[in-house]
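Colleague: Below is a structure I'd like to ask you about.
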Amino acid sequence: MSQPRIRVLVGKPGLDGHDRGAKVIARALRDAGMEVIYSGLHQTPEQIVEAAIQEDVDVIGLSILSGAQMTIFPRVKALLKEQNSEDILLIGGGTIPDEDIEVLIQSGDAEALFTPGTPTGDIVAWIKERLGVDSPPYEHA
Amino acid sequence: MSFSAWQEAYRSLRERKGPFMTVSSVPIEPLYSPDGVKGFDYEKDLGYPGEYPYTRGIRPNMYRGRLWTMRQFAGFGSARESNERYKFLLSQGQTGLSVAFDMATIMGYDSDHPRAYGEVGRVGVAIDSLADMEVLFQDIPLDQVSTSMTINAPAAVIWAMYIAAAEKKGIPSHKLTGTIQNDILKEYIAQKSWIFPPEPSMRLITDIFKFAREQVPKWNTVSISGYHIREAGATALQELAFTLADGFAYVEAGIKAGLDVDDFAPRLSFFFNSHMDIFEEIAKYRAARRIWARRMKEKYGAKKQESLLLRFHTQTAGCSLTAQQPENNIVRTAYEGLAAVLGGTQSLHTNSMDEVLALPTEKAVQIALRTQQILAYETGVVNTIDPLAGSYFIEALTNQMEEGAEEYFRRIEELGGVLSAIGQNFFQQEIADAAYRYQQEIEQKERIIVGVNEFITEAKPDIDLLKIDPEIERGQVRRVQALRQTRDNLLVQRTLAELEQAALGTDNLMPKIMNAVHAYATEGEIVAVFKKVFGEYREQAVF
């Protein structure tokens, strides 16, 4: 029996247009069998959370190269809470300094953050493991 | 020994595991010989430096006359902080300025706009009005320093602020030298900082051409940019072909707007990337000069020599830098800078080692500038012009680049030209495919990146990073709000209304923008007028 596919929203919040990383990750996740929705550019946290809920995703992955991580992650997390959608995993990547990663992980505003040079396979493996996709009780509403 | 005898000898020996390919995945032969450049004609294919088709360089003397301009891209925080950084760079021997704007400025939002929240002063300097521009260039002689500004969708507005700031210092616009990037086509293709749809965006650009011809004749009105196309994942050939295709699209737009090609083509300049593959990059620059000269002369009928010259700025490849062992980036940048100089660049930005992690610290920027100074004063590569000409390998690669670019031009033409190809996601898909292939090569170790997939150390990098104080955003918000209280708001309203009328018609928009800017209308207010008249662009993203 085939398992339901993991659904991921790759989001590009803020005003920055550097979408190389977001697109490479989106394609790698798709090649790994996931259902990937790419938000497109210049999205607000509100737009991203709305799309995530509408698309019923399991994971939101935010790509940030503008230095705005310390405002965007807490905002998206807060919106997810407001919408009772905290079960959606919030992860991200980009040019994010180590000390910011520490703060965001500790505060729970991000579950995992991947920096430049991370093999896409590591991200695929992390998501699958975290969602327990290889063990059965994973299903979609 | 004949070529075939050498081939036999080569094949009888062991070849180490490849693949032997450029950073753009182009396979490379073990040896290049006269066979690879059959039909090579020195006069026709190269010419002397300063002579058509300018393959060897645009000036007869090149770096024997003057060195390239060492121009480090900088800007962060408020105008006050950036002004200090510029003065530091000038005091360290830098010879031109290059302004980085923050994302809010790039996208046409004032610092107090909700969309600007968290982005003010982060990746560049925040400029809301002429008042900020005046602070940005305080104590800097704008008639002696050339200034490059990386601004695109709202380029007309920011340029107007620069001209106005100079005027307020008593410097007339015809004395100003510098560049606005103003290359909207590569925004749709790669960098994605667009605001308006393509057609009104092209109108703003041709209005700038006309205004510059009369008022700011020494200004470079577009910096046709391959840099961002490459950073988005394109190969060297794609960078070359797409950039030149954009250039020809601007030429056609200018001609269509009623200008003589020789009235604006001399002010077009280029901006290329320099990635890690030294010979591929050199071939790219040489091919670029030759293709531009040939097409401008043969296809567009340019007569002035300056219209045929492809002048370019180079920046080393940000995408080649690694977050792992960041000090290694100094070495990467040095090789990339070398390639740019061997390729005959007119100006150069060398990246700082820490730019993969944050904006550069003063120390990192100083090392990057010193890298250029070492190239210029210690290595001897500047002593002779186009030193690699006549190399079988370089000439073969240069020819291959030109042929590949011509093939892309044919495909773009079949798609109906650059704007139409953008609408069909042609460039975007080509670039996304190349970026993905590159990533796959790294993950499968077909490509070794030192410190990333080989020669790894576990230690975390121990370098200081520049931090942007959140107070900067609050201060900037207060300043723009205070400005709106103190300026002559009736005058602002009037100039904005006149701008709207002009936008609805066909008059040149630059004089109206200048009036609004002088009245201290903010960037966001002026852009809002254009959004109302022109609408906003939306892309259908592909990956």
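The values are calculated or read from the model by the stated rules, or taken from the named source; none is laboratory data. Only a predicted model underlies this, so the values are computations on that prediction, with no experimental measurement involved. For neighbour counting, all protein chains shown are included, and Cβ atoms are generated from backbone atoms with ideal geometry for every residue, glycine included. Protein only, heavy atoms only, side chains kept; ligands, DNA and RNA dropped before computing areas. Shrake-Rupley method; radii C 1.70, N 1.55, O 1.52, S 1.80 Å.
Colleague: Please go through the range A:56-66 and give me each residue that is surrounded by 22 or more Cβ atoms within 10 Å (Cβ to Cβ), at pLDDT 95 or above and not small (Gly, Ala, Ser), ordered by number.
Modeller: Result: A:Val57, A:Asp58, A:Val59, A:Ile60, A:Leu62.
Colleague: Tally the residues that are away from every other protein chain (no Cβ under 14 Å) and either open to solvent by less than 30 Å² (accessible area, probe 1.4 Å) or closer than 22 Å to B:Thr147 by Cα (or both), restricting the search to the range B:336-363.
Modeller: Going through the range B:336-363 one residue at a time, the tally reaches 15.
Colleague: Just name the residue that is most open to solvent (accessible area, probe 1.4 Å) out of those in the range A:97-126 that are touching a helix residue (DSSP H, G or I) at 6+ places or on another chain (Cβ under 8 Å) and β-branched (Val, Ile, Thr).
Modeller: A:Val103
Colleague: Hey, could you check the range B:121-175 for residues that are among the basic types (Lys, Arg) and within 24 Å of the chain's Cα centre (by Cα) and say which is surrounded by the fewest Cβ atoms within 10 Å (Cβ to Cβ)?
Modeller: Checking each candidate, the answer is B:Lys175.
Colleague: Among the residues of the range B:153-175, are any assigned to a strand (DSSP E or B), in contact with a Leu (Cβ under 9 Å, 6 or more places away or on another chain) and under 29 Å from B:Ala503 (Cα atoms)?
Modeller: no
Colleague: Checking B:Lys304 against (1) surrounded by fewer than 24 Cβ atoms within 10 Å (Cβ to Cβ); (2) among the basic types (Lys, Arg); (3) closer than 19 Å to B:Asp45 by Cα, which test does it fail?
Modeller: Among (1) surrounded by fewer than 24 Cβ atoms within 10 Å (Cβ to Cβ); (2) among the basic types (Lys, Arg); (3) closer than 19 Å to B:Asp45 by Cα, the lone unmet condition for B:Lys304 is (3).
Colleague: To continue, here is another question. List the residue pairs whose Cβ atoms are under 7 Å apart, where the first residue sits in the range B:519-543 and is within 13 Å of another protein chain (Cβ to nearest Cβ), the second is part of a helix (DSSP H, G or I) and surrounded by fewer than 16 Cβ atoms within 10 Å (Cβ to Cβ), and the two are 6 or more positions apart or on different chains.
Modeller: Correct list of pairs: B:Val542/B:Gln429.
Colleague: Out of the residues in the range A:21-35 meeting the condition of being on the phi < 0 side of the Ramachandran plot and either facing another protein chain (nearest Cβ under 7 Å) or without any contact (Cβ under 8 Å) to a residue 60 or more places away in the chain (or both), tell me which one is surrounded by the most Cβ atoms within 10 Å (Cβ to Cβ).
Modeller: Selected residue: A:Ala26.
Colleague: Considering B:Lys210, B:Lys186, B:Lys218, B:Lys256, which residue is under 25 Å from B:Arg410 (Cα atoms), open to solvent by 10 Å² or more (accessible area, probe 1.4 Å) and either away from chain A (no Cβ under 14 Å) or under 14 Å from the mean Cα position of the chain (by Cα) (or both)?
Modeller: Of B:Lys210, B:Lys186, B:Lys218, B:Lys256, the one residue that is under 25 Å from B:Arg410 (Cα atoms), open to solvent by 10 Å² or more (accessible area, probe 1.4 Å) and either away from chain A (no Cβ under 14 Å) or under 14 Å from the mean Cα position of the chain (by Cα) (or both) is B:Lys256.
Colleague: Within the range B:520-543, which residues are acidic (Asp, Glu) and surrounded by fewer than 16 Cβ atoms within 10 Å (Cβ to Cβ)?
Modeller: B:Glu536 - this is the single residue of the range B:520-543 that is acidic (Asp, Glu) and surrounded by fewer than 16 Cβ atoms within 10 Å (Cβ to Cβ).
Colleague: Now for a different question. Test of understanding: among B:Gln428, B:Gln440, which residue is in a helix (DSSP H, G or I), within 11 Å of chain A (Cβ to nearest Cβ) and in contact (Cβ under 8 Å) with a residue 24 or more places away in the chain?
Modeller: B:Gln428
Colleague: Of the residues that make up the range B:393-403, is at least one more than 14 Å from every other protein chain (Cβ to nearest Cβ), within 30 Å of B:Arg80 (Cα to Cα) and without any contact (Cβ under 8 Å) to a residue 12 or more places away in the chain?
Modeller: For the range B:393-403, residues more than 14 Å from every other protein chain (Cβ to nearest Cβ), within 30 Å of B:Arg80 (Cα to Cα) and without any contact (Cβ under 8 Å) to a residue 12 or more places away in the chain: absent.
Colleague: Give the residue, chosen from B:Ala516, B:Ala502, B:Ala497, that is assigned to a helix (DSSP H, G or I) and touching an Asp or Glu at 6+ places or on another chain (Cβ under 8 Å).
Modeller: B:Ala516
This table checks each residue for (1) within 14 Å of another protein chain (Cβ to nearest Cβ); (2) in contact with a helix residue (DSSP H, G or I) (Cβ under 8 Å, 6 or more places away or on another chain).
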site: A:Ile37; (1), (2): yes, yes
site: A:Gly67; (1), (2): yes, no
site: A:Asn84; (1), (2): no, no
site: A:Leu90; (1), (2): no, yes
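Colleague: Can you list the helices (runs of 4 or more DSSP H) found entirely within the range B:1-113 that contain at least 2 residues being farther than 29 Å from B:Phe270 by Cβ and touching a Leu at 6+ places or on another chain (Cβ under 8 Å)?
Modeller: By residue number, B:3-11.
Colleague: For B:Glu473, work out the one condition from (1) surrounded by 15 or more Cβ atoms within 10 Å (Cβ to Cβ); (2) away from every other protein chain (no Cβ under 14 Å); (3) not aromatic (Phe, Trp, Tyr) it doesn't fulfil.
Modeller: For B:Glu473, the failing item is (2).
Colleague: Considering only residues that are more than 33 Å from the chain's Cα centre (by Cα) and not basic (Lys, Arg), look in the range B:482-491 and name the one that is surrounded by the most Cβ atoms within 10 Å (Cβ to Cβ). Step through it out loud before you land on a result.
Modeller: First, the residues of the range B:482-491 that are more than 33 Å from the chain's Cα centre (by Cα): B:482, B:484-491.
This time we only want the ones that are not basic (Lys, Arg), so: B:482, B:485-486, B:488-491.
Working: B:Ala482: 11, B:Gln485: 7, B:Thr486: 9, B:Asp488: 11, B:Asn489: 13, B:Leu490: 9, B:Leu491: 15.
So, considering only residues that are more than 33 Å from the chain's Cα centre (by Cα) and not basic (Lys, Arg), the one surrounded by the most Cβ atoms within 10 Å (Cβ to Cβ) is B:Leu491.
Colleague: OK, next. Under 7 Å between Cβ atoms, which residue pairs at least 6 apart in sequence (or on different chains) link something in the range B:495-511 that is within 21 Å of B:Val216 (Cα to Cα) with a partner that is open to solvent by less than 50 Å² (accessible area, probe 1.4 Å) and among the aromatic types (Phe, Trp, Tyr)?
Modeller: What qualifies is B:Asn508/B:Phe211; B:Met510/B:Phe211.
Colleague: Also: Looking at (1) more than 25 Å from the chain's Cα centre (by Cα); (2) modelled with pLDDT under 95; (3) over 30 Å from B:Phe393 (Cβ atoms), which is the only condition B:Asp35 fails?
Modeller: It fails just one condition, (3).
Colleague: Out of all the residues in the range B:229-237, is one or more basic (Lys, Arg) and open to solvent by 20 Å² or more (accessible area, probe 1.4 Å)?
Modeller: From the range B:229-237, those basic (Lys, Arg) are B:230; that's our starting set.
Of the ones still in play, those that are also open to solvent by 20 Å² or more (accessible area, probe 1.4 Å) are none.
The answer is no; no qualifying residue exists.
Results for (1) touching a helix residue (DSSP H, G or I) at 6+ places or on another chain (Cβ under 7 Å); (2) over 27 Å from B:Gln400 (Cα atoms), shown as yes or no for each residue.
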{"position": "B:Tyr10", "(1), (2)": "no, no"}
{"position": "B:Leu13", "(1), (2)": "no, yes"}
{"position": "B:Thr22", "(1), (2)": "yes, no"}
{"position": "B:Tyr42", "(1), (2)": "no, no"}
{"position": "B:Tyr52", "(1), (2)": "yes, no"}
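Results for (1) of a type in the set (Phe, Trp, Tyr); (2) open to solvent by less than 30 Å² (accessible area, probe 1.4 Å); (3) in contact (Cβ under 8 Å) with a residue 12 or more places away in the chain; (4) touching an Asp or Glu at 6+ places or on another chain (Cβ under 9 Å), shown as yes or no for each residue.
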residue: A:Asp19; (1), (2), (3), (4): no, yes, yes, no
residue: A:Leu41; (1), (2), (3), (4): no, yes, yes, yes
residue: A:Gln54; (1), (2), (3), (4): no, no, no, no
residue: A:Ala68; (1), (2), (3), (4): no, yes, yes, yes
residue: A:Ala78; (1), (2), (3), (4): no, no, no, yes
residue: A:Asn84; (1), (2), (3), (4): no, no, no, no
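Colleague: Still on this structure, please answer the following. Out of the range B:446-466, which residues are in contact (Cβ under 8 Å) with a residue 12 or more places away in the chain, open to solvent by 60 Å² or more (accessible area, probe 1.4 Å) and within 12 Å of another protein chain (Cβ to nearest Cβ)?
Modeller: Listed by number, the residues that qualify are B:Val450, B:Ile456, B:Asp464.
Colleague: Moving to a separate point now. Of the residues B:Glu298, B:Glu355, B:Glu280, which single one is farther than 24 Å from B:Tyr86 by Cα, touching a residue at least 12 places away in the same chain (Cβ under 8 Å) and acidic (Asp, Glu)?
Modeller: Only one candidate passes the filter, namely B:Glu280.
Colleague: So, one more: Please go through (1) within 15 Å of A:Leu90 (Cβ to Cβ); (2) open to solvent by 30 Å² or more (accessible area, probe 1.4 Å); (3) facing chain B (nearest Cβ under 9 Å) for A:Val10 and return the number of the only condition it doesn't satisfy.
Modeller: (2)
Colleague: Only one of these conditions is not met by B:Ala421: (1) part of a loop (DSSP other than H, G, I, E, B); (2) away from chain A (no Cβ under 13 Å). Which number is it?
Modeller: (1)
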